[in-house]
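Right, one structure below, let's go through it.
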């Protein structure tokens, strides 16, 4: 099968999976809604409780989940190229920790949802600037230096989060813990995160060839005419923006950015022209399905979606590790 046709088929299959996941999210819940009513509600034809639940509650949550999952998977794929490290994920550089510090501080101060989201984004932006500034240092820049700087900043943010949790009043502690474990129940307008997902993806794809060369090493890429320094800065900024937007909307959701690029790489290879959009579709689908499970397993109670992604991600990653070990023997 020609490579181009195979790529289109894979992307079409992943897009179909995303649509299926969103359809299930709209149908399943404490109030089951048939697919015919869902379709009617989406086109304005269903009134009453079912139509209101679909349009006002489930649709925004499902689309926000898809956008956040896509952003996290896309950021993970970019960071694994940038750091040339299979363990790289969107939270390894301290961006999630910075968002956590900002969000929890806003919750402690009694801010509303908009204030919490704004503080989380500012915290993520501050962490990004600190990591990049310290890693850049006197002008030298290496993957190891960036990774170590991110780990240290993440540890500092973790200490600040633990301090705020220890002094938080009981009436605010549950909301803080849910945010830290990932929660889509407060997701409102998904248009911004969907726009950011589309923008980051469109900005990455023109440089897919350069990213393919970067996976072979900075020296080889430089020899072949790739502006490595500028490419690295661009990839870091895009991955940071994607992570900050996802964390601001959904809280700290782990493992999406770590395991999805690995799984997609097994299916499509390491060509970034296909890997990046495929990761976005797969990550969005996984988070939508996990969130649907999180709000239906113990209904009417809801679990933090980050708990479900961890329960899915840990065995999958262990399987990938053992598979890789057997392949090398």
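Descriptive notes on the structure:
- Residue among 17, 24, 57, 11 that is surrounded by 12 or more Cβ atoms within 10 Å (Cβ to Cβ), at pLDDT below 95 and under 18 Å from residue 189 (Cα atoms): 57
- Residue within the stretch 103-112 that is within 20 Å of the chain's Cα centre (by Cα), modelled with pLDDT under 85, in a loop (DSSP other than H, G, I, E, B) and surrounded by fewer than 24 Cβ atoms within 10 Å (Cβ to Cβ) present: no
- Unique residue being more than 11 Å from the chain's Cα centre (by Cα), crowded, with 23+ Cβ neighbours inside 10 Å and assigned to a helix (DSSP H, G or I) when the list is 307, 316, 264, 247: 264
- Only helices (runs of 4 or more DSSP H) whose full extent lies in the stretch 145-243 are considered here, and the ones with at least 3 residues that are modelled with pLDDT under 85 and either surrounded by 13 or more Cβ atoms within 10 Å (Cβ to Cβ) or touching a strand residue (DSSP E or B) at 6+ places or on another chain (Cβ under 7 Å) (or both) are 170-181, 218-223.
- For residue 116, the stated conditions do not hold, so it cannot be described as more than 26 Å from residue 180 (Cβ to Cβ), in contact with a helix residue (DSSP H, G or I) (Cβ under 6 Å, 6 or more places away or on another chain), at pLDDT 85 or above and assigned to a helix (DSSP H, G or I).
- Residue in the stretch 274-304 that is nearest to the chain's Cα centre (by Cα), counting only those that are modelled with pLDDT under 90 and buried (at least 17 other Cβ atoms within 10 Å of the Cβ): 304
The values are calculated or read from the model by the stated rules, or taken from the named source; none is laboratory data. Keep in mind the model is a prediction, meaning the values are calculated, not measured. For neighbour counting, all protein chains shown are included, and Cβ atoms are generated from backbone atoms with ideal geometry for every residue, glycine included.
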